[in-house]
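The values are calculated or read from the model by the stated rules, or taken from the named source; none is laboratory data. Quantities reported herein were computed from a predicted structural model and do not represent experimental measurements. Note: ideal-geometry Cβ built from the backbone for every residue, glycine included; neighbour counts use all protein chains shown.
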Amino acid sequence: MPPSATFWADMSIEIGVDIGGTFTDVVCRRPGQPTQILKLPTTRDDPGQAVLAAVRRLDEMGALQGGQVSRFVHGTTVATNAVLQRQGARVGLLTTEGFRDVLEIGRQLRRALYEVCLHPETPGFLAPRAFRGEVAERIDAQGAVITPLDEAALVRTADELVALGAQAIAIVFLFAFLNPVHERRAAALLRQRHPDIAVSISSEVDPAFREYERTAVTAFDAYIKPIVDGYLDRLQGGLAQAGVAAPLQIMQSRGGLAGAAVARERPVRLFLSGPAAGVMGACNIGARNGVDNLISIDIGGTTCDIALIEQGAPTIRTEGAIDGYPVRVSMIDINPIGAGGGSIAWLDGAGGLRVGPRSAGSEPGPACYGRGGTAATVTDASLLLGYLDPGYFAAGSVALQKDLARAAIGNGVAKPLALTEAEAAQGIHRVLNSQMAEGIRAVSVRQGHDPRGFSLVALGGAGPLHAIALAEELGIRRILVPPHPGVLSAQGLLDATVEHEVTMAFGHALATLAATDLAQAYQGIDNRARSLMAREDLQAETCTVRHYADVCFVGQSHHLDVPVDLAGPDPIGAIYQTFLDTHDRINGHRFEAPARIVNLRTVHRAPEWPASGYSVQPAAGIKIEKAPRAVHLPGHDKAIEVAVLDRAAMTPGQTFLGPAIIEQADATTLLTSGWSALVAPSLTLILDQVRSTGLDEDDPH
Amino acid sequence: MTHIDPVTLEVLRNKLDGIANEMQSTLLRSSFSPIVKEGLDASACLFSTASETLAQSISVPIHLATLIPVIETFLTRFPLASLGPGDLLIMNDPYLGGTHLPDIAVAMPVMHRGKAIALAAAMTHHQDVGGMAPGSVPTNATEVFQEGVRIPPLKLRDGGVMNETFIAMMRQNVRMPDAFMGDLNAQIAACTVGARRLDEVAEKFGPELLQSAFSELLDRSEQMTRAALRAIPDGQYSYTDYLDNDGIELDRSILIKVMVQVRDGELTCSFEGTADQVRGPFNCVPSGTAAAALFAVRAITDPEIPTNGGCFRPVHLILPEGSLVNPKPPAPVNSRTATIKRITGCILGALKDVLPTRIPADSGGELLILSFGGQRQDGSTFVVGDLIASGSGASSDCDGVDMIETDATNCMNLPVEALELDAPIRVHHFGLSQGSGGAGQFRGGLGCRREYEILAGEVTLTYRGERHNHPAKGSQGGEPGALASARILRVAGGQEVILSKQVTTLYPGDRLCIETAGGGGYGAPAQRSIEARSDDLASGKVTAG
C-alpha cells in the first residue's frame, strides 16, 4: 500500500530492529514525537528473542500506546551467522553428469599467496562429496537439449541423498541459465516426492554463466533456506502474539526491503542485511542535508566498513562474498578492513608498533571493559586519551575502567617502546588512522574516484571519534555525523523501501541486437518483478522501474553494470555510449571496440517513505555544557582542558568550534582544532574544516 | 641519520604499502589486456635509490622481487644523479635482469625538490611483444630472438619528451600495437601515482626523515627474517626433482638439484649439479630463480614480517653459468614458469625434513597450459586457453587440498560454460581424479580429470604439462601423488598418448582426456585415522582396493 496523507495522519508507529554482534539496536518513531532509541544485548542462541524483547520494552515505555505499528523492519544476521558458524542445513547437490566436483574445485585460486600448508578455499562444506549426485541430462551452449533429463535417475539419486540426511537440495545443471527446463522439471519432481525438503535451483537463484559461481550461490541458498525460514516463521508468530499487525519486512543486501514471505524464498539475498541498512541510513542523511557524494565509514569493534555513495545512491556490486566465498548476488559494495575499536596494538619481532588486524572483539573486548582482556586496544587508547567518558560508553551499558586501559597500554606498548602512556595511546590512534585512511583511499581509487570529492559520513560508536583524523589524512573537508550514528543501521531500515530485482542471462552483441528484442526480454523479467511486488500488496503503477545491463567488450570476461533507458530514441546506441563512459571512469580509457550484453537486470522500487512528519526537536531541559575534562589532542604533548558538550541538548543552527568533545548515548565525536560543528535542521552535525591546522595527525613534530 | 620514533615509522610503513597498492590498483584498472585484467599478471613497486624494495604490491608470487635486477640495471646504465623530472626508463631483456620478453618493466625516479629520493616501478605481462608466435610464448622456440623484441635499458621519456623512435619501432614489431600502448600507458600512470604520492609524503615528513624510515624499515625486516632463519637448524639440505622435458627433446628429463645451506640466519641456495641449459624455452634467468627462493623464504618465515628488500638480504643464490637456472644467451626462456614452480618446490622440499610442520609434502606443482585454436562454423577464428591446477601436498595436520594453485603461480581455470560459449568444444567431464592423492596419514590433494570433445573444424591443440614422468614426493613416510597423463581418442579409432608437451591437430569427434597430478602424502599410510579412512570411502576420493 503506498503511503498517503491520511496514512500519516493516524498514529502509525514504525519500528526498525537491527541485530549486531553485541547489541540489538532499535529505532521507534511516530509522527510528532521524538525518535526512541534502544540498545539491547543480542541473544545469540535465538536472535529473535531480542527482537521480541524490544517490542515488549517499547510497550512498557508507553511508546506504542494509542497507536498501531504500521511498519516493522528488520535487519538480520541469521543468514550470515548460519554460514560463519557452519550451522546451515545439510545440502544435497544434484548436478549434470560428469560435474559433481565443480563446487569443490572452484576456480582453483588460493587467497593466502605465501602459504604452503593449504586449506580448502571453496565451500565444499555446503555439500561434501558423498552428498553430491549426478544426473544424466545435458543442454548445450545454445540452450538446446542434447541429452534428455533421466527422471528415474534423478528421483533415485535424490532419494539416496535424502536417505543420507540431506535437508535441502540444490540443483545446478550446465547451461540452465539458457534453458531451465530440466532444472524446473527436476524441482517439480522433488517437491512432489519430498515436500518437506527445501529446493533451490540455479536458474532461479542466479541465472548467469560460469558454473562454479552459480553452483556456489545456489548451494548457499539451499544451505540457509531452512534456517532463515524457521527464524522468520518464529519471529512472525512472536510479533503476531505481541499484537504487531504490520507485515514483517526484511532488509536485503542491495539496500531494499522485502516482505518476509518473499525474503524466505530468496534467502541468499540477505547476507548483508544489517550493513546494507547502515549505508541506506547514510544515503538518507546525505539526502536530508543536500550532500550527494559520500563515503560512509562504519567503525565497529573488529572492522571498519567502507562504502561509496555516488549521487545519492550506494554503489552496487553484482557479485559479493560471504566468509571469503563468492556469492553472485547483487549487494551494496561494502568493503570491510580489519581495523576497529577492538583492534589490538602489538609489537613485532623488531619492536615495531603494529595495530590489528587481530581484535579483542566484544569478548573479552578491550582491557577497559574489565572482562578479562589484557591486550591494549584502540578503545583503551581512546579512554586513556580522555576521548571517552568511562561512565557514559555505549549508552552506559559498559562501565569502562581506566586503570585497566592504562595497564594494558603501559605494559604492552609504552614501556617496551620507552614512550609515555599518552604517547603510546596517541601512537595507536595514529597508526590505526593511517591504516583506515589507506583503506578508504584504496576503495575510492579502485572505483575510479578521488576521495577529495566526497564527504564522510561517520557511523558506528567509534566513527565520529576518528572521522576528523581520517578526513585530514584524505583531504576531505566535510563530515556528516548523523543524529544517532551508533544505531544508524536500525534508522536506515526505516529509511528504506521495498525493492525487488530480477535478472536473466542475455548474451547478445550490441551491434546485432534489435531494440524490440531487448524490450521483449525486459518485459519478461519485469512481469516477474511485478508479481513479487503484488505479493507485497504494492501496485505496479506506483513503483519505479529501472533497467540495467551487464556489458563488456567482446573477448573480455569482466562486465560493467550499465543503466538502460528503453524509452530513448536509440536504446542500444545509448547503452554502448554509457558503457564506454563507465569504462572510461572505472578503467581510465575508452576505445570503440565491439561490446556485448551478458545479463539483464530489472529493479522495481516502491515509493519512498516520506521522511517528514517526525519531530527532530531536541530533548528539553538539558544543559549543553558538561564538565570539561583533560584530553590529549592529536599533535599536543600535554593534556589540555577541553569542553565536553551534550549532543542531546543541541538545537539547529548552533555552531561549535574545536577543540571539543561531543557526547551522546551511542557515540562520541572528537572535534579537533580547525574544525567547526554546525547543528543542521535535521539535527545532523556538519563538521567543516575552517582552516588547516598545520598540526595534523601525522605531523611528526 | 634523523631519529625516527616507532609510531611515525609504522605510519610511514602503512603509507608506503598504501602507495604500492594504489599503484597496483591503477595498473590493473587502466590496463587493457585480459592477461592483466583477469590474470593479474602485473606488479608495482617502490624502490630505494640503492635498488632495495621498499614496498611491493603483487597479485601473483612469480612477480616477487623480480624487479630488483631490473632496477639495478637501470641505475648502472643511468646513474641516479643523471635522472631528472620527466624521465622514464624501460626494459625487458631477460639477459640484463628481466624475466621473459612479455614482462616489460617501467620505472620513474621519485623527485623531491629536484633530487631523486626513490624509484617507482611497474611490470606488466604484455599480451604480445612480437616474435614467432602470437602471444610471444612459443613453446617450440630455440632462441630468444624468436620470442619477441628485446628491449635494452632505455629512456622511454627524457625530461618529459617521449622517445617516439622507440615507440614507432615497437608499434611496428608487436601484433597488437594499441593494446601494447594501452598497457604501457597504464604502467606510466601507476609510476606517476607512486611518484606523486611519495613526493607528498617527503614534503610532509621531510626527506631526511623519510630516508631514515627507509633504512629502518629495511633493517627491521632483515632483522626479523634473520631471526626466523636462525630458528632453522644450521645445515646443508639437498633436494632434486625434474621437469618432464624441454618440449623439443621429449625423452630427456631435466634435473633440478638444489643444496640449501642454512647458517647463522643466512640462507644460500646452490644449484650446482642442475642440468645444463636446454634447447627449448624452459630456461630460467636469475630473476626467476630469485623469485622462487624469496617465495620459499616468505613461506617459511613469519607472515607478519613486512615484505621489503630487508627480507631478501640474508638470501643468496649460487647459479652455475650455462645451466637451466642461469642460461647464456640466446637460449629461449619464455616457458620458465614451469621451471620456477619446480625450483620453488625443490627449495621447500630440501627443508621439509628439518621443518616437518611448516612445509608440506611436495605439491603436484603442475599448472597444465592448454590452448585450442581454430575456426568457428561462421568462419571466425578462436583461441581459448585453459589453465588447470593439480593437488597440493599434505601437511603435518591435514590432507592436501584438491585442485588448487600452489607456489609461484595463482591462475584461474576456465569455466566449462565460458569455454563452450566461445568455441565449438564440449566438455564431458570435469571432476576430481579419484585416487590421485598420495597416500599417507594425511592424503595428498587430488588432481582432476577433464575430457574435451571437438565439435567442428580443425583445432590446433597446444599441450604443456608436467609431472608426466616424475611424481610429487611424499613426506615423513607419505607416498607420492599420481602422475599426470593425457591422451587423445581419435574419432577414427586409436589412442595417442601425450608425452608432457605436444602440438597437434584435433578433428570433430576427437576427444582429449587429461588428468593432472596429485599431491604427495604426509606420514605413513598406516597412521591414517579410522574416521579419515571412512571419509575416503564415503567421498570416493580414494579408490577401493
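Of the residues making up the range B:58-110, those that are in contact (Cβ under 8 Å) with a residue 40 or more places away in the chain and farther than 15 Å from B:P153 by Cβ number 14.
Annotation: A:H604 fulfils all but one of (1) surrounded by fewer than 21 Cβ atoms within 10 Å (Cβ to Cβ); (2) modelled with pLDDT of 95 or more; (3) more than 30 Å from B:S30 (Cα to Cα); the unmet one is (1). Among the candidates B:T49, B:T99, B:T73, B:T26, the residue that is in a helix (DSSP H, G or I), of a type outside the set (G, A, S) and more than 14 Å from chain A (Cβ to nearest Cβ) is uniquely B:T73.
For the range A:475-494, indicate whether the set of residues that are at pLDDT below 95 and among the β-branched types (V, I, T) is non-empty. Looking for residues that are at pLDDT below 95 and among the β-branched types (V, I, T), one finds at least one in the range A:475-494, hence yes. Evaluated against (1) within 30 Å of A:D18 (Cβ to Cβ); (2) outside any helix (DSSP H, G or I); (3) among the acidic types (D, E), A:D550 falls short on exactly one condition, (1). Screening the range B:357-377 for residues that are surrounded by fewer than 19 Cβ atoms within 10 Å (Cβ to Cβ) and within 12 Å of chain A (Cβ to nearest Cβ) and picking the one that is farthest from the chain's Cα centre (by Cα) gives B:Q377.
When the residues of the range B:429-471 are filtered to those that are of a type in the set (D, E, K, R) and not in a strand (DSSP E or B), the one that is farthest from B:P138 (Cα to Cα) is B:R443.
Being over 30 Å from B:F295 (Cβ atoms) and within 29 Å of the chain's Cα centre (by Cα) is the filter here; which residues of the range A:93-130 pass it? Result: A:L93, A:L126, A:A127. Could you check, for the range B:200-208, whether at least one of its residues is in contact with a strand residue (DSSP E or B) (Cβ under 6 Å, 6 or more places away or on another chain), closer than 30 Å to B:D5 by Cβ and in contact (Cβ under 8 Å) with a residue 12 or more places away in the chain? Yes, the range B:200-208 contains a residue that is in contact with a strand residue (DSSP E or B) (Cβ under 6 Å, 6 or more places away or on another chain), closer than 30 Å to B:D5 by Cβ and in contact (Cβ under 8 Å) with a residue 12 or more places away in the chain. Assess whether B:I151 counts as being under 18 Å from B:A122 (Cβ atoms) and under 22 Å from the mean Cα position of the chain (by Cα). So B:I151 passes the test. Apart from one condition, B:G445 fits all of (1) within 9 Å of chain A (Cβ to nearest Cβ); (2) farther than 18 Å from B:L489 by Cα; (3) in contact (Cβ under 8 Å) with a residue 40 or more places away in the chain; (4) surrounded by fewer than 24 Cβ atoms within 10 Å (Cβ to Cβ); the exception is (4). Checking A:L518 against (1) away from chain B (no Cβ under 14 Å); (2) of a type in the set (A, V, I, L, M, F, W, C); (3) touching a helix residue (DSSP H, G or I) at 6+ places or on another chain (Cβ under 6 Å), which test does it fail? Here A:L518 meets the rest and fails (3).
Listed here are the residues, each with its yes/no results for (1) surrounded by 18 or more Cβ atoms within 10 Å (Cβ to Cβ); (2) not polar (S, T, N, Q).
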| position | (1), (2) |
| --- | --- |
| B:F214 | yes, yes |
| B:T225 | yes, no |
| B:R230 | no, yes |
| B:G235 | no, yes |
| B:D244 | yes, yes |
| B:E249 | no, yes |
| B:R252 | no, yes |
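All of A:G88, A:G124, A:G133 fail the test of being facing chain B (nearest Cβ under 9 Å) and closer than 27 Å to B:M403 by Cα, apart from A:G124. Right, B:I35: modelled with pLDDT under 95 and more than 14 Å from chain A (Cβ to nearest Cβ) or not? It is false that B:I35 is modelled with pLDDT under 95 and more than 14 Å from chain A (Cβ to nearest Cβ). Scanning the range B:307-345 for residues that are part of a loop (DSSP other than H, G, I, E, B) and farther than 18 Å from B:I248 by Cβ returns B:T307, B:N308, B:R313, B:P314, B:L319, B:P320, B:E321, B:V325. Within the range B:401-418, residues that are at the interface with another protein chain (Cβ under 7 Å from one of its Cβ atoms) reach partners that are surrounded by fewer than 24 Cβ atoms within 10 Å (Cβ to Cβ) and among the small types (G, A, S) with beta carbons closer than 7 Å, at six or more positions or on different chains, in the pairs B:A418/A:S557.
A single member of A:A208, A:A186, A:A246 is among the hydrophobic types (A, V, I, L, M, F, W, C), touching a Phe, Trp or Tyr at 6+ places or on another chain (Cβ under 6 Å) and buried (at least 19 other Cβ atoms within 10 Å of the Cβ), and it is A:A208. Looking across the range A:215-247, just one residue is farther than 19 Å from A:D46 by Cα and charged (D, E, K, R), and that is A:D221.
Across the range A:338-361, which residue is nearest to A:E211 (Cα to Cα) among those that are of a type in the set (A, V, I, L, M, F, W, C) and crowded, with 21+ Cβ neighbours inside 10 Å? Don't jump to the end; show me each part of the working.
We begin by selecting, within the range A:338-361, every residue of a type in the set (A, V, I, L, M, F, W, C); these are A:339, A:344-347, A:350, A:353, A:355, A:360.
Restricting the remaining residues to those that are crowded, with 21+ Cβ neighbours inside 10 Å gives A:339, A:344-345, A:353, A:355, A:360.
Numbers: A:A339: 35, A:I344: 40, A:A345: 43, A:L353: 45, A:V355: 40, A:A360: 39 Å.
Ranking the candidates gives A:A339 first.
State which residue pairs qualify: first residue farther than 16 Å from B:G445 by Cβ and at pLDDT 95 or above and inside the range B:339-367, second residue part of a helix (DSSP H, G or I) and aromatic (F, W, Y) in any location, beta carbons under 7 Å apart, and separation of 6 or more residues or different chains. Taking only residues 6 or more apart or on different chains, the pairs are B:T344/B:F295. Restricting B:G349, B:G379, B:G373 to those that are out of contact with any Gly (no Cβ under 8 Å at 6 or more places or on another chain) and in a strand (DSSP E or B) reduces the list to B:G373. What are the residues in the range A:319-352 that are among the aliphatic types (A, V, I, L, M), within 14 Å of chain B (Cβ to nearest Cβ) and assigned to a loop (DSSP other than H, G, I, E, B), if any? Within the range A:319-352, A:A339, A:A350 qualify.
Filtered by the rule that a residue be surrounded by 15 or more Cβ atoms within 10 Å (Cβ to Cβ), away from chain A (no Cβ under 14 Å) and part of a helix (DSSP H, G or I), the range B:525-541 gives a lone residue, B:P525.
Checking the range B:154-161 against the condition returns no match, with no residue being in a helix (DSSP H, G or I) and more than 10 Å from every other protein chain (Cβ to nearest Cβ).
Looking at B:G385, is it at pLDDT below 95, assigned to a loop (DSSP other than H, G, I, E, B) and surrounded by fewer than 24 Cβ atoms within 10 Å (Cβ to Cβ)? The answer is no for B:G385. Under the condition of being within 24 Å of the chain's Cα centre (by Cα) and closer than 23 Å to A:P634 by Cβ, which residue from the range A:361-402 is nearest to the other protein chains (Cβ to nearest Cβ)? Top of the filtered list is A:V378.
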